[in-house]
Each structure stands twice: as C-alpha cells, then as structure tokens.
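Just below is one structure, and these are the notes that go with it.
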Amino acid sequence: MYLIIIIVVVGVIGGFLFLRSRVAESGTLAELPQRLAKLKQQDNDPTAFLGFCTRDEDALYFVHQDGVFYLDYELTTPAKKSHAEAFRKTATDLSFPVIDTTYGQYPVLRVKTGDSEAQATKIALEFSNRLFGHDEKTVYEFLP
C-alpha cells in the first residue's frame, strides 16, 4: 500500500516538474528586452503577460496594454503582502505612482513603466534589486 502511494506521489511530482520545465525558461534580465518585444506583439490579448521570478515570493509580471508596459506585483500570499509597502516605497523613490488593481480576487500593485522595452527592463531591475536584492546576474524563471 505504501509503495503505491510513494509511486503515485513521485509520479505527480515528476509530472509537475516536467510540465513546469516545458513552460518556464531560465535566464537573466539581459534577455528581458527581447521577451518584452514578443509581449508587445500580443498587445490586443488581455491575458498575455510575462512573469519573472526566482521563487513565488519575488514574482513580478509585465503586461502590455494600449502601447504601454506595466510592471505588476500580485499579492496572493502573506509573504507577498509583506512586501507591499516596500513595493510602494520603491515606486515612490523612483517617482512612479502605484496603481491599485486586481487579477480577479487578488490585489495587484502596478506601475506604468512606459513604451520602451529598454526602459521597462531598467525599471524591472531596479524593483527586483530594491525589493529582493537581485542584480543583473540573477537567474530567473520566465513565464510564459
């Protein structure tokens, strides 16, 4: 009985890791401008996004709407909610107003980063560095 449970658990975990490896790609923020250019091509798709993180807690997302990039931080967990004030302070320090919005039931903190892939990348690095201590050498998982 225990052997069957162990096999099922290992199978589920293996399947999850396989699917995740097929969706997520690893890289640094040096690759972000090219990824944002692809996101820009999906401007008319309201579900299109580009996420990057090293773990769930530091997941930031880009959306591109009406010719503009936005950087989002979704407050889905207590760990993420604990970074909300730091996100707001970082935005204030960088002279960006925070837009409070939602993804369904979850609150989202959003800043408008402009229409340039280079500018959006620079801002993403600033937020990632100030909030989570990451730098240009940090390896992220990119979704989708």
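No lab work stands behind these numbers, since they all come straight from the coordinates. Everything numeric here is computed off the predicted structure, so don't read it as measured data. As a convention, Cβ positions derive from the backbone with ideal geometry for all residues, glycine included, and neighbour counts pool all protein chains shown.
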Give a quick list of GluC sites (Glu not before Pro) in the range 99-144 that DSSP marks as loop, anything other than H, G, I, E or B, with at most 11 other Cβ atoms within 10 Å. 136
Counting sequence-distant residues (5 or more places) and residues on other chains, those with an amide H built under 5 Å from that of residue 51 are 62, 143
How far apart, in nanometres, would the label points at residue 42 and residue 136 be if each is projected 7 angstrom from Cα along the Cα-to-Cβ direction? 2.7
Around residue 114, which amide H atoms from residues at least 5 apart in sequence, or from another chain, sit under 5 Å from its own amide H, with H modelled in the peptide plane? 69
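Restricting attention to the range 74-144, which trypsin sites (Lys or Arg not before Pro) occupy a DSSP loop and are surrounded by at most 13 other Cβ atoms within 10 Å? Don't skip to the answer; put the middle values down first.
Working: sites: 80, 81, 88, 89, 110, 112, 122, 130, 137; in loops: 137.
In loop regions of the range 74-144 (DSSP not H, G, I, E or B), the sparsely surrounded trypsin sites (Lys or Arg not before Pro) are 137.
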In sequence order, what are the phi-derived ³J(HN,Hα) couplings for the range 127-133 according to the Karplus relation 6.51 cos²θ - 1.76 cosθ + 1.60 with θ = phi - 60°, rounded to whole Hz, with x for glycine and proline? 5, 4, 5, 5, 7, 10, x
In whole Å, what is the distance between the alpha-carbon centres of the range 34-72 and the range 95-116? 12
Reachable lysines from residue 38, criterion Cα separation under 25 angstrom, eight or more residues apart if same chain: 112, 122, 137
